[in-house]
2 protein chains.
Amino acid sequence: MKTTTRPAGPNQPAKAAIQPAYLSRIPEAEAAIRRTADRLTQPRVAVLACLLSLDHAASHFDVAQALAKHHPIDRVTVYRVLEWLVEVGIAHRIAGDDRVWRFMINDPSAAIAPHHQHAHFTCTTCQQTFCLDDVPTKLNFKLPAGFKPAEVDLKFRGRCLHCA
Amino acid sequence: MKTTTRPAGPNQPAKAAIQPAYLSRIPEAEAAIRRTADRLTQPRVAVLACLLSLDHAASHFDVAQALAKHHPIDRVTVYRVLEWLVEVGIAHRIAGDDRVWRFMINDPSAAIAPHHQHAHFTCTTCQQTFCLDDVPTKLNFKLPAGFKPAEVDLKFRGRCLHCA
DNA sequence: TGCATCTAACAACTCAGTTGCATCTGGCGC
DNA sequence: GCGCCAGATGCAACTGAGTTGTTAGATGCA
């Protein structure tokens, strides 16, 4: 579903250009990228700033859409930047029920652990996926004999705090 | 990445026509299908027998491959039959990390509950997914305020009892 | 500034899953 | 046992997410 039309609200002052939320996160994104040993490029900054501005996981399409107006980026580049963000430990990816990868910024406090072990919540109403960092996943599950788990992935489905 | 699973054991007697394991589950499959109000067809019997013969979740590709010799079935039909099995409550589907749906027979004892709530274990060595019916998923998780979960999905990754 | 290296953009591709439609068949009524 | 027909199958074409290869362009260091 694509809302291509200009989202300008009727009550906006005519001249003031509406700034998407991610623009204010650009300095933060630049700082984070500089902390890696890799290059600081426009697409990386824009994609990271976009993720930083969201409280839920975003697909490559969501990111490309959000950046389309001010930072139009080739979709392959979005894929590669998102993959790079996962690689350097800034973000992580979540497999959705719709066969689409979604990406979300890692909690900085947990950034030391390469294998994040937090839970996800997917809203069945608005279809958005949230990270629940507070939910402990290191519970003492009793697995059948012989199974040696290395990672646990906990996924909830229901209604999020916006749709409840 | 697909681990082309080699099913044929090397120690099989040379001459005796090797019967795939699913053939012996055909009567069981027929009985289960008859219990539904729907039609008993060759593809349905074959696909269900195939799933019944496995202790792990199978993708549509795995099923089509397993049936290729004795019951060659169009891949679209495999998709439709698997979907039908989920619909009538005989099987359930699992979203894998590789964007592939995998299917597995429901535990008959839990078949009353339409929303299965058991855990899955994906082996990082052999790439197979197992159901862990013994693991309770109704644990008292503390979710952040406002999130109302309806389903819980618990997924482990590690080494299965065959690869440990 | 110049240059080597890394990154972005474009096009073309792969692959899982879906849709449309003509044909076939299981199961019921006769 | 025969014929009918709703529903299932098979085939082809399509969709959409994600990947790969290649060339042009941007980045950062000397």
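Are any residues in the stretch A:78-93 more than 8 Å from DNA strand D (Cβ to nearest atom) and surrounded by fewer than 18 Cβ atoms within 10 Å (Cβ to Cβ), and if so, which ones?
A:Val86, A:Glu87, A:Val88, A:Gly89, A:Arg93
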For a quick check of your reading of the model, give me the residue pairs whose first member lies in the stretch B:75-96 and is within 14 Å of chain A (Cβ to nearest Cβ) and over 20 Å from B:Cys131 (Cα atoms), whose second is more than 10 Å from DNA strand D (Cβ to nearest atom) and part of a helix (DSSP H, G or I), with beta-carbon atoms closer than 8 Å and at least 6 apart or on different chains. B:Tyr79/B:His60
Hey, can you tell me all the residues within the stretch B:111-129 that are within 12 Å of chain A (Cβ to nearest Cβ) and at pLDDT below 85? B:His115, B:Gln117, B:His118
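Residues B:His56, B:His70: which one is in contact with a strand residue (DSSP E or B) (Cβ under 6 Å, 6 or more places away or on another chain) and modelled with pLDDT under 95? Can you show your working first?
Numbers: B:His70 fails: in contact with a strand residue (DSSP E or B) (Cβ under 6 Å, 6 or more places away or on another chain).
The conditions single out B:His56.
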Given (1) at pLDDT below 95; (2) within 16 Å of DNA strand C (Cβ to nearest atom); (3) in contact with a Leu (Cβ under 6 Å, 6 or more places away or on another chain), A:Phe103 misses just (1)
Options B:Val63, B:Val47; residue that is part of a helix (DSSP H, G or I), within 12 Å of DNA strand C (Cβ to nearest atom) and within 23 Å of B:Phe121 (Cα to Cα): B:Val63
When you look at B:Ala21, is it within 10 Å of DNA strand C (Cβ to nearest atom) and more than 14 Å from every other protein chain (Cβ to nearest Cβ), yes or no? no
Counting only residues that are in contact with a Leu (Cβ under 7 Å, 6 or more places away or on another chain) and in a loop (DSSP other than H, G, I, E, B), how many does the stretch A:50-59 have? 0
Does at least one position in the stretch B:17-38 carry a residue that is surrounded by fewer than 19 Cβ atoms within 10 Å (Cβ to Cβ), assigned to a strand (DSSP E or B) and away from DNA strand D (no atom under 14 Å from the Cβ)? no
Suppose the filter is touching a helix residue (DSSP H, G or I) at 6+ places or on another chain (Cβ under 6 Å), touching a residue at least 12 places away in the same chain (Cβ under 8 Å), away from DNA strand D (no atom under 11 Å from the Cβ) and of a type in the set (Gly, Ala, Ser); does B:Ala58 pass it? no
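If you go through the stretch B:66-77 one residue at a time, how many are exposed (fewer than 15 other Cβ atoms within 10 Å of the Cβ) and more than 11 Å from DNA strand C (Cβ to nearest atom)?
Here the count works out to 4.
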Inside the stretch A:143-164, can you point out the residues that are of a type outside the set (Gly, Ala, Ser), at the interface with chain B (Cβ under 7 Å from one of its Cβ atoms) and over 30 Å from B:Thr125 (Cα atoms)? A:Arg159, A:Cys160, A:Leu161
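The values are calculated or read from the model by the stated rules, or taken from the named source; none is laboratory data. Computed from a predicted structure; not experimentally measured. Ideal geometry is used to build each Cβ from the backbone, glycine not excepted, and the neighbour counts take in all protein chains shown.
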